[in-house]
Amino acid sequence: MPRTALRICPLCEATCGLTLTIEGTRVTAARGDRDDVFSKGFICPKGAAFGALDADPDRLRTPLVRENGELREASWEEAFDAVARGLRPVVERYGADALGVVLGNPNVHTMAGALYPTVLLGAVRTRSLFTASTVDQMPKHVSSGLLFGDANAIPVPDLDHTDHLLLIGANPLESNGSLCTAPDFPGKLKALKARGGRLTVVDPRRTRTAKLADRHLAIRPGADALLLAAMTTVLFEEGLVDLGDLAPHVDGLPELREAIKDFTPEAVAGACDVDADTIRTLARELAAAPTAAVYARIGSCTVPHGTLASWLVDVLNTLTGNLDRPGGALFPQAATDRTPRPAGPGRGFSLGRWHSRVRRLPEAKGELPLSALAEEIDTATPEGEPLRALIVIAANPVLSAPDGNRLDKALGSLDFMVSVDPYLNETSRHAHVVLPPPPPAQSPHHDFAFNTLAVRNQVRYTRPAVPLEPGRMAETGILARLILAASGMHGADPDAVDTMVIDQTLGKAVQDPHSPVHGRDPHELAAQLTGADGPERRLDLMLRLGPYGDGFGARPDGLTLARLLENPHGIDLGPLRPRLPQPLKTPSGKVELLPAPLAADLPRLRKALRERPTGLVLVGRRHLRSNNSWLHNVPALTGGTNRCTLHLHPEDAERLGVRDGEPVRIKGAGGEVTAPAEVTDAIRPGVVSLPHGWGHDRPGTRQAHAGREPGVNVNQLLDGTLLDPLSGNAVLNGIPVRVSPAGAPAALAPEN
Ligand SMILES: Nc1nc2c(c(=O)[nH]1)N[C@H]1C(S)=C(S)[C@@H](COP(=O)(O)OP(=O)(O)OC[C@H]3O[C@@H](n4cnc5c(=O)[nH]c(N)nc54)[C@H](O)[C@@H]3O)O[C@H]1N2
Ligand SMILES: Nc1nc2c(c(=O)[nH]1)N[C@H]1C(S)=C(S)[C@@H](COP(=O)(O)OP(=O)(O)OC[C@H]3O[C@@H](n4cnc5c(=O)[nH]c(N)nc54)[C@H](O)[C@@H]3O)O[C@H]1N2
Ligand code: SF4
Ligand SMILES: [Mo]
């Protein structure tokens, strides 16, 4: 008899609740959970393919260990023995920084990824941390760190209530949203329009999202910071600044006005390719709307001025009084957030506390740029040891980071590498040990990260939908053992990792005068925790100490794990509410509108006023049925329009002699690739687009379906030198390329 089980979808940031149909131990269908308090039944094709992804025959079932150069199946014991043997000598001989840690995107989609990597970093004490954030949203963290004093305080557009949305460099109809967790983002945009609201989309491509908009501006890639600076100037010039209730919490208004006054609409129009009148209209409309939100994503972050653009987004939200007000952009309050402290000055946010060894690139938020990973392995310098060993958890940087070929080679030269990954792919094929997590149906789920970015406060938890298969190990258990193996405690009881975290957290809480458990006995509190295992007890701990928690009895009707389990479709915690000044942790205790590092970066933006690319530039794109580099092995999600083709405008195609469907050669600073042309007027002239996450043609991988239509790796066009200097974020959009028909001899082919 088939049964059903609930499972929060881990495949994108929308976090939809799914109802799985299960026959035996197999997921045979997935539909949206209509009773889910947040997603209310929404699902997309990826969620619907949950069963196929879960049952992918190419998923690794046992650990792999390298022996005489070949990976062979091994027991968990053998695998962790090999990890301890591989990692410890490197740390002991060369120091902790010679051990790098690479964390990829799915860590924000698993409980294990939320609960253990910070413990790992604390235990091994390496400064060599590289994550997907520096090919993604690091500019937003840096701007939030500087503006609000907290890199994780990211205002989220109040999609359900706003009257006006200015959406920049995001395509939620394909991506389902990012840094704005909103199941059924498309439906929310339609509802905005239905209630008379306005939607403006800024994107060099006429995306599905742009087609919904009242106005679409096909801006020149990389120019958003200029556009936003000019809109800010208009607010000042035309007396449209209105801080409203924010006024007592904002610092630096006159200084900001002075610093950006030369970025007028007329000055930026040429570089943006948006006329000055339109820029003025955008600013006036934003100021006039009863409520409004500016929201920007990947297209505004992965560009040379990513941090400035991210900053100006929240400057505009602030100057129009929309920061922290319903209908504007607000700070969510998640159930597992720390107990909010009383408002007041904080320590603020610093950048560049240490630097990468080779290029001396500054850390941001404790991370070094992923673009520097290859050189940190393959380049010796007098300053210190290169990376000799790597722990890679849920990351495929050979495809997702610049210059995969160089990284591919560098990974092959490591003394030791361990990958925690369900697949043998372009990156994990270099590992000496691969530790495969179980498929998602066998894993529990709670969104620690995305609830802090959600358009409605809510909390949900789903236990594993099917039991662990014999021979499997939960990813939480894998990471706990990995921590022990990496930190010289190989063989100790993995539960000790959770116990240690719980004891430390409670030890601090009882000493904190603002904690609901101040002055209590930590042992007595620990004994009250419920949960089937260590990770559940940690979730219980965070819920109970959190803003809605029971405070271990201090607020008897507050949240606990037990209460959450009684509500399998989740608990709604209400709409986003104003929270300022509490979230601010800047030294002034205010929103610091013109932080020094941003002011110091303005001359670089000023130079961009004169820049006009003469050749073609390339941008990325996402497809609803894809997800970064790892969903191409599921037949139901590939084919049709989900293909690795080069979009180019008919005028460019004509000029270059490129015909639809025929192969074109694309050259960039890091290399060249050949992909079929797809001629479309949905992209502006002068811009071409290739999706990322493709290029599944390397030997030694085990993803049979993906290998049949491998596509090409767009990131091979990059050499890793183009960065946003403040955040270390890779520039992945607006990169110069040369394009020619692949058939033509190089000397004859017209280029650009
Ligand atoms: N040119 C270009 N490049 C880009 C982007 C772009 O827009 N353009 N986007 C960038 C962005 S936003 C991101 S986030 C990065 C993503 O880059 P990465 O973080 O490298 O993410 P993926 O490519 O999705 O690889 C995820 C890996 O995790 C594994 N995995 C899947 N599920 C699990 C699990 O449950 N547990 C574990 N341990 N592993 C799992 C997969 O098999 C895969 O190897 O790519 C970036 N690269
Ligand atoms: N289906 C699917 N969903 C996903 C993912 C996926 O790979 N597939 N990845 C997930 C991840 S890791 C992330 S981070 C999110 C990203 O979520 P989004 O930010 O919504 O990502 P994209 O769909 O790539 O949209 C970025 C848009 O920016 C445009 N753009 C490029 N350069 C510029 C520029 O200089 N200025 C402006 N204004 N626009 C520009 C591109 O044309 C593109 O339409 O999506 C998540 N969801
Ligand atoms: S929108 Fe995202 S979370 Fe929802 S079903 Fe699709 S992939 Fe899963
Ligand atoms: Mo991402």
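Miscellaneous remarks
- Count of residues meeting criterion [open to solvent by 10 Å² or more (accessible area, probe 1.4 Å) and within 15 Å of residue 546 (Cβ to Cβ)] in segment 450-459: 1
- Among the criteria (1) of a type in the set (Val, Ile, Thr); (2) under 29 Å from the mean Cα position of the chain (by Cα); (3) open to solvent by 10 Å² or more (accessible area, probe 1.4 Å); (4) within 27 Å of residue 196 (Cα to Cα), the one residue 318 does not fulfil is (3).
- In segment 210-219, the residues that are open to solvent by 10 Å² or more (accessible area, probe 1.4 Å) and either in a loop (DSSP other than H, G, I, E, B) or within 16 Å of ligand 3 (Cβ to nearest atom) (or both): 213, 214, 218
- Residue that is more than 30 Å from residue 460 (Cα to Cα), open to solvent by 10 Å² or more (accessible area, probe 1.4 Å) and either outside any helix (DSSP H, G or I) or away from ligand 1 (no atom under 16 Å from the Cβ) (or both), where the choices are 222, 187: 222
- Residue match in segment 116-127 (condition: surrounded by 24 or more Cβ atoms within 10 Å (Cβ to Cβ) and away from ligand 4 (no atom under 16 Å from the Cβ)): yes
- Whichever residue in segment 31-70 is touching a Gly at 6+ places or on another chain (Cβ under 6 Å) and within 16 Å of ligand 2 (Cβ to nearest atom) and, among such residues, is farthest from residue 625 (Cα to Cα): 39
- Residues of segment 592-638 that are away from ligand 1 (no atom under 16 Å from the Cβ), touching a residue at least 40 places away in the same chain (Cβ under 8 Å) and farther than 23 Å from residue 686 by Cα: 592, 593, 594, 595, 597, 598, 599, 601, 602, 604, 635, 636.
- The set of residues from segment 152-175 being farther than 27 Å from residue 364 by Cα, in contact with a helix residue (DSSP H, G or I) (Cβ under 6 Å, 6 or more places away or on another chain) and in a loop (DSSP other than H, G, I, E, B) comprises just one member, 159.
- Identity of the residue in segment 232-249, open to solvent by 20 Å² or more (accessible area, probe 1.4 Å) and among the aliphatic types (A, V, I, L, M), that ends up farthest from residue 292 (Cα to Cα): 247
- If you go through segment 529-561 and keep only what is open to solvent by less than 10 Å² (accessible area, probe 1.4 Å) and among the aliphatic types (A, V, I, L, M), you end up with 539, 541, 543, 559, 561.
- Among the candidates 293, 287, 329, residue that is of a type in the set (Gly, Ala, Ser) and open to solvent by 10 Å² or more (accessible area, probe 1.4 Å): 287
- Residue count for segment 31-52, restricted to those that are within 16 Å of ligand 1 (Cβ to nearest atom) and surrounded by 23 or more Cβ atoms within 10 Å (Cβ to Cβ): 3
Conditions (1) under 30 Å from residue 186 (Cα atoms); (2) among the small types (Gly, Ala, Ser); (3) part of a loop (DSSP other than H, G, I, E, B), marked per residue:
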| site | (1), (2), (3) |
| --- | --- |
| 37 | yes, no, yes |
| 53 | yes, no, no |
| 56 | yes, no, yes |
| 62 | no, no, yes |
| 66 | no, no, no |
| 71 | no, no, no |
| 78 | no, no, no |
| 83 | no, no, no |
| 92 | no, no, no |
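- Taking first residues from segment 97-108 that are in the same structural domain as residue 124 (by TED's automatic domain parsing) and among the acidic types (Asp, Glu) and partners that are within 16 Å of ligand 2 (Cβ to nearest atom) and part of a helix (DSSP H, G or I), no Cβ contact under 7 Å between residues at least 6 apart in sequence or on separate chains turns up.
Residue by residue, here is whether (1) open to solvent by 20 Å² or more (accessible area, probe 1.4 Å); (2) touching a His at 6+ places or on another chain (Cβ under 8 Å); (3) modelled with pLDDT of 95 or more holds:
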residue	(1), (2), (3)
591	no, yes, yes
608	no, yes, yes
611	yes, no, no
620	yes, yes, yes
633	no, yes, yes
649	yes, no, yes
656	no, no, yes
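- The residue that is most open to solvent (accessible area, probe 1.4 Å), among those in segment 1-16 that are in contact with a Pro (Cβ under 8 Å, 6 or more places away or on another chain) and more than 16 Å from ligand 1 (Cβ to nearest atom), is 6.
- Some residue of segment 492-509 being aliphatic (A, V, I, L, M) and loosely packed, with under 13 Cβ neighbours inside 10 Å: no
- Residue-level check: of (1) at pLDDT 95 or above; (2) touching a helix residue (DSSP H, G or I) at 6+ places or on another chain (Cβ under 8 Å), residue 372 misses just (2).
- The combined condition, being within 16 Å of ligand 2 (Cβ to nearest atom), open to solvent by less than 30 Å² (accessible area, probe 1.4 Å) and among the hydrophobic types (A, V, I, L, M, F, W, C), is fulfilled by residue 274.
- Filtered by the rule that a residue be away from ligand 4 (no atom under 16 Å from the Cβ) and of a type in the set (A, V, I, L, M, F, W, C), segment 443-477 gives 448, 454, 455, 459, 465, 466, 468, 473, 474.
- Single unsatisfied condition, residue 192 versus (1) open to solvent by less than 20 Å² (accessible area, probe 1.4 Å); (2) touching a Pro at 6+ places or on another chain (Cβ under 9 Å): (2)
- In segment 94-110, the residues that are more than 14 Å from ligand 2 (Cβ to nearest atom), part of a helix (DSSP H, G or I), closer than 29 Å to residue 732 by Cα and open to solvent by less than 40 Å² (accessible area, probe 1.4 Å): 98
- In segment 190-209, the residues that are in contact (Cβ under 8 Å) with a residue 12 or more places away in the chain, outside any loop (DSSP other than H, G, I, E, B) and away from ligand 3 (no atom under 16 Å from the Cβ): 191, 192, 193, 198, 199, 200, 201, 202, 205
- Segments classed as helices (runs of 4 or more DSSP H), wholly inside segment 447-560, with at least 2 members that are closer than 18 Å to residue 339 by Cβ and modelled with pLDDT of 95 or more: 495-511, 522-528, 534-545
- Filter result for residue 564 (over 15 Å from residue 458 (Cβ atoms), open to solvent by less than 40 Å² (accessible area, probe 1.4 Å) and at pLDDT 95 or above): no
- Within segment 1-35, considering residues that are farther than 19 Å from residue 443 by Cβ and not in a strand (DSSP E or B), the one nearest to ligand 3 (Cβ to nearest atom): 34
- When 675, 669 are checked against the criterion of being within 16 Å of ligand 1 (Cβ to nearest atom) and open to solvent by 30 Å² or more (accessible area, probe 1.4 Å), 669 stands alone in meeting it.
The values are calculated or read from the model by the stated rules, or taken from the named source; none is laboratory data. Predicted model only: the values in this text are computed from it and were never measured. When we count neighbours, we look across all protein chains shown, and the Cβ atoms used for this are built from the backbone with ideal geometry, even at glycine. Surface areas here come from the heavy atoms of the whole protein model, side chains and all, with no ligands, DNA or RNA. Shrake-Rupley method; radii C 1.70, N 1.55, O 1.52, S 1.80 Å.
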